[in-house]
Each structure stands twice: as C-alpha cells, then as structure tokens.
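Structure, as structure tokens:
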Amino acid sequence: MRVIAGTARGRRLKSPGLRSGAIRPTSDLMRGAIFDSLASLGVDLSQVLDLYAGSGALGIEALSRGAGHCDFVERDRAACAVIKENLELTGFASIAKVHCVPVAGAESRLQGPYTLVLADPPYADEGAREAIESLVAGRLLHPEAIIVLEHSARSEPAGELATLPLERVRRHGDSAVSIYARR
C-alpha cells in the first residue's frame with residue numbers, strides 16, 4: 001500500500017494487522033477512483049475527517065493532495081499507532097491528529113467544520129451509517145461538505161446521508177464508494 005499522488009506520492013504505508021478482517025485497507029485503485037471523483041466535484045480539502053481510519057491511507061492521500069488538516073478517528077489502538085507512524089513517514093504529523101476512540105464517541109473531540117468526510121467502516125457494521133450521520137449532522141459538517149462512504153458492492157447505497165443527496169457511486173470488485181454532496 002502506497003500514497004498514489006501528491007507530495008508524498010510513492011511513499012509506502014504500513015498496515016495494521018488484518019485480525020479477523022476487521023481492518024480492510026482501501027486499495028490503491030479505489031483510492032484513485034475516489035480522488036478522481038472528488039477532483040471532478042471540486043472538493044475543498046481544507047478540513048478533512050477520516051472515520052474508521054484503519055491505516056490512515058484515505059486521510060493521508062488527502063493530505064498528500066493538499067489537505068490543510070486531517071483528523072483521524074479509529075477505535076483500534078494498534079491501528080492508531082500505525083496511523084501515527086504513517087503520518088511520520090509521510091511528513092504530515094504536524095497537520096493531523098489521531099483520535100483513538102469509536103466513531104460514536106468522537107464528537108466532543110472534534111472541531112470541524114469538515115469540508116470532506118471519508119468513511120470506510122467495516123462492511124458488516126450495521127450501525128456505521130447511523131454513527132456517521134449522528135457524528136456529522138450537527139456542527140461538524142461544512143455547508144458545502146462532501147461525504148465519501150466506502151461499502152460492500154453488494155449493498156445499495158442510501159439516497160441521502162446526513163442530509164446530503166447521493167451524487168455518484170463507483171464500484172470496483174467487492175467494494176463500492178458512494179459520494180454524497182450538495183451540488
């Protein structure tokens with residue numbers, strides 16, 4: 001796994017252990033598709049939030065492409081340590097913060113408002129959508145924010161997430177990405 005574009009392009013990222021499939025890194029191909037879609041939408045990368053961050057690859061990709069700041073939320077302590085290592089390896093530690101808490105308990109630690117929210121919850125986590133909506137529905141979401149939700153290609157995306165309508169869906173293999181934006 002590596003950073004695919006921007007100032008840290010080509011840097012290899014460490015990955016947390018794949019204990020029982022709990023952490024599934026977003027593939028290089030999928031990250032490329034996500035950021036190509038976001039570029040076509042004119043995404044504002046000033047304040048990024050990476051939920052269910054795993055290795056931190058999505059947020060680090062955003063930082064490499066010019067994001068001003070990224071908050072990472074991940075509940076697994078080993079994964080949090082890997083995110084911190086990856087931030088050091090890529091030189092982004094000074095413009096990022098890792099919050100080692102469950103998404104459902106992160107609101108009080110976050111400042112926002114976020115212009116881009118990246119979420120890659122475990123596919124089997126049925127409460128993830130509700131946790132994401134609850135977290136970003138209030139003061140944390142910028143009025144022109146975009147939310148990117150990675151999910152199983154076998155599941156249909158919701159037509160709306162945190163009051164944002166579904167803009168587009170990209171599918172690659174077993175994974176799909178739904179992008180929610182007010183455009």
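Every number here is computed from the coordinates shown, using simple stated rules; none is lab data. Only a predicted model underlies this, so the values are computations on that prediction, with no experimental measurement involved. A quick note on method: Cβ atoms are made from the backbone with ideal geometry, for glycine too, and the neighbour counts reach across all protein chains shown.
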Note: the chain, point scatterers on Cα, Debye, no solvent; log10 I/I(0) at q = 0.09, 0.14, 0.19 Å⁻¹ equals -0.26, -0.67, -1.39
Highest GNM mean-square fluctuation among 29, 161, 45, for the chain with Cα springs under 10 Å, belongs to 29
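Kirkwood Rh over alpha-carbon pairs of region 76-183, then Stokes-Einstein at 25 °C and 0.890 mPa s: what D in µm² s⁻¹, rounded to an integer?
164 µm²/s
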Lone Cys, the chain, Cβ cut-off 4.7 Å -> 70
Candidates 145, 158, 93; GNM for the chain (alpha-carbon contacts under 10 Å) flags as most fluctuating 158
What helix-only [θ] at 222 nm does the chain give? Using -39500 (n - 2.57) per DSSP H run of at least 4, over all residues, to the nearest 500, the answer is -7500 deg cm²/dmol
Largest fluctuation, 15, 40, 134 only, Gaussian network model of the chain with Cα springs under 10 angstrom, belongs to 40
In order over region 121-134: 3J(HN,Hα) from phi, Karplus 6.51/-1.76/1.60, θ = phi - 60°, whole Hz, x for each Gly or Pro, gives x, x, 4, 7, 7, 6, x, 5, 4, 5, 5, 5, 4, 4
